[in-house]
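Report on the structure given below.
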Amino acid sequence: ADGYGGWSDLNASLHNLQFYDASAGASGKDLGFWGGLQDNGTAFVPAKGQSFAPAGGDGFSVIVDPTDANRAVGEYTNLTAYSTTDGGHSFTTISPSCTGQDIGYGGERPDCDPSARFQAPLAADTTTPSHWVSSGRYVWDTTKGFGTRCDLTACDWKSVFDLGAGHAGTAIGSANGVTYAGWVKGGNPSPNFDRGIATNAGGTWHQVNVSTLPNRYLAGMTVDPSDGNHAYAIFNGYSRRWIPGGGTGVVFETTDAGATWRDLTGNLPDAPGDALVVRNGILVLATDIGVFAADASKPGVWSRYGTGLPNASTNNLTLAPTGELVAATHGRGIWTITR
């Protein structure tokens, strides 16, 4: 306007979307990305052209077909899952939760999940892409991948374990059909707060020993694809300096299906952990203050991973089918690193 000088539109250069999760699939010779956004739905970043959000509301976990980025699963609140096979032009509700079914179908199945958290875990098996897992009060499985359907007459999601009354899933990971599911009881740390981990490692679902683990929110579970007894648990929140009785430590490893755990936190800062991937023998950890790495053969000595990543909370890490590491940051968009 006259008298106020000229303004320049700088929005095209901003990269400040708040992602909870991001994953990639093949799009021709390139990659297409999907991600769940804080209050802004599920976004699709095609290999060519501008990103857009074909689904609104809150967006959380995503699953992307590694062979075709047009095929993806998004998630709204309370485990309201929906899938697309045409790049987001149309969606099918495939939710195992009661809330999701009521939203999608206008009614609920008698076997739906009654108490999925506002942000509920949902993931694909890292070695068997057609095997998907999720959890609310129950752990849910489907082995039909993008053929998964769920409505008032039939549902491909099957309840495989009851985490317990008052318990709700917070983290889930699966490889070669072996799944670990982290859960919490109650809200913010208090005398009523509790956490736990259940697994089917060994062939039978059971709760594992968590007596030596922090009494804080479990944010991530990672399973070794070559050994189902080998897994990592990632803890959010801060140490007992800030949370009475919260315990210390961020990253823990088991090699005996959760019977015992080893603390790998080492020299990490006292900051919330979010997710971990194992890449070429390197442990890569997402935290609220960036991404760190340690040699898997001698963990505990951590350093910043790569250069150029903004100092923003990294809420999840996934591996693209071409080998790049994909980082979902909460405030600075999606980033990748090739080495």
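The values are calculated or read from the model by the stated rules, or taken from the named source; none is laboratory data. Because the structure is a prediction, the values reported are computed rather than measured. Reconstructed Cβ throughout: ideal geometry from the backbone, glycine too, with neighbour counts over all protein chains shown. Heavy atoms of the whole protein, side chains included, go into the accessibility calculation; ligands, DNA and RNA do not. Shrake-Rupley method; radii C 1.70, N 1.55, O 1.52, S 1.80 Å.
So for the stretch 1-147, averaging the separation of alpha carbon pairs under 8 Å that are six or more residues apart and normalising by length, what relative contact order in percent results?
Computed value for the stretch 1-147: 14 percent relative contact order.
How charged is the neighbourhood of L325? Take every other residue with its Cβ under 12 Å from the Cβ of L325, and add Lys/Arg as +1 and Asp/Glu as -1.
Spelling it out: positives minus negatives among the neighbours equals +1.
Leaving out same-chain residues fewer than 8 places away, which lysines sit with a Cα under 22 Å from that of K158?
K144
If a/c stays under 1.5 just call it rounded; otherwise compare a/b with b/c (prolate if a/b is bigger, oblate if not). Do that for the stretch 87-186, with a ≥ b ≥ c from the square roots of the Cα gyration tensor eigenvalues.
Oblate.
What percentages, rounded to whole numbers, describe P(r) for the stretch 1-139 computed over all alpha carbon pairs with 10 Å bin width beginning at zero?
Going out from 0 Å in 10 Å bins, the stretch 1-139 shows 12, 39, 29, 11, 5, 3, 0 percent.
Name the lysines eligible as straight-distance cross-link partners of K48: C-alpha to C-alpha under 27 Å, and not fewer than 8 places from it in the same chain.
In chain and number order, the partners are K29.
Counting Lys and Arg as +1 and Asp and Glu as -1, what is the net charge of the other residues whose Cβ lies under 15 Å from the Cβ of T336?
With Lys, Arg at +1 and Asp, Glu at -1, the neighbours total 0.
What percentage of the solvent-accessible surface of the stretch 2-45, computed with a 1.4 Å probe over protein heavy atoms, is contributed by carbon and sulfur atoms?
50
Identify which of G186, G196, G169 has the largest mean-square fluctuation in a Gaussian network model of the chain, with springs joining Cα atoms closer than 10 Å.
G186
Given only helices, namely DSSP H runs of n ≥ 4 each adding -39500 (n - 2.57), what is the per-residue ellipticity at 222 nm of the chain, to the nearest 500 deg cm²/dmol?
Roughly -500 deg cm²/dmol at 222 nm, from the helical runs in the chain.
Give the accessible area for R117 in Å² (nearest 10); use a 1.4 Å probe, count only protein heavy atoms, and leave out ligands, DNA and RNA.
Rounded to the nearest 10, that gives 80 Å².
Connecting C-alpha atoms closer than 10 Å in a GNM of the chain, tell me which of G166, G182, G35 has the biggest fluctuation.
So, out of G166, G182, G35, the one fluctuating most is G166.
Using only the Cα atoms of the stretch 167-234, build the gyration tensor, take square roots of its eigenvalues as a ≥ b ≥ c, and label the shape rounded, prolate or oblate: rounded if a/c is under 1.5, else prolate if a/b is larger than b/c, else oblate.
It comes out prolate by the Cα gyration axes.
Using amide H atoms built 1.01 Å from N in the peptide plane, name the residues 5+ places from Q119, or on other chains, whose amide H lies under 5 Å from its own.
Amide H to amide H, under 5 Å and 5 or more residues apart or across chains, Q119 pairs with N78.
Measuring with a 1.4 Å probe in the full set of protein chains, what accessible area per residue, in whole Å², belongs to the chain?
44
Please compute the Kirkwood hydrodynamic radius of the stretch 207-257 from all pairs of different C-alpha atoms, in Å with one decimal.
11.6
For the stretch 201-287, place one equal point scatterer on every Cα, skip the solvent, and apply the Debye formula. What is log10 of I(q)/I(0) at q = 0.13, 0.25 Å⁻¹?
-0.40, -1.33
Restricting the calculation to Cα positions, tell me the Rg (one decimal) and the Dmax (whole number) of the chain in Å.
In Å, with Rg to one decimal and Dmax whole: 19.7, 74.
If the only charges are +1 at each Lys and Arg Cβ and -1 at each Asp and Glu Cβ, what is the size of the charge dipole of the chain around the Cα centre, to the nearest 20 debye?
So the magnitude is around 580 debye.
When a/c reaches 1.5 or more, the comparison of a/b and b/c decides; with that in mind, is the stretch 110-256 rounded, prolate or oblate per its Cα gyration tensor?
Taking the square roots of the gyration eigenvalues as a ≥ b ≥ c, the stretch 110-256 is oblate.
Could you compute the net charge surrounding R71? Neighbours are other residues with a C-beta less than 10 Å from the C-beta of R71; K and R count +1, D and E count -1.
-3
Using R₀ = 51 Å, calculate the FRET efficiency as 1/(1 + (r/R₀)^6) where r is the Cβ-Cβ separation of R262 and K29; round to 0.05.
0.75
With unit charges on the beta carbon (Lys/Arg positive, Asp/Glu negative), name the residue among I172, F146, S159 whose Cα is farthest towards the positive pole of the charge dipole of the stretch 97-197.
I172
Which percent of the accessible heavy-atom area of the stretch 113-243 goes to carbon and sulfur, probe 1.4 angstrom?
Reported share for carbon and sulfur atoms: 50 percent.
In whole Å, what is the distance between the alpha-carbon centres of the stretch 105-142 and the stretch 42-96?
Between the Cα centre of the stretch 105-142 and that of the stretch 42-96, the gap is 16 Å.
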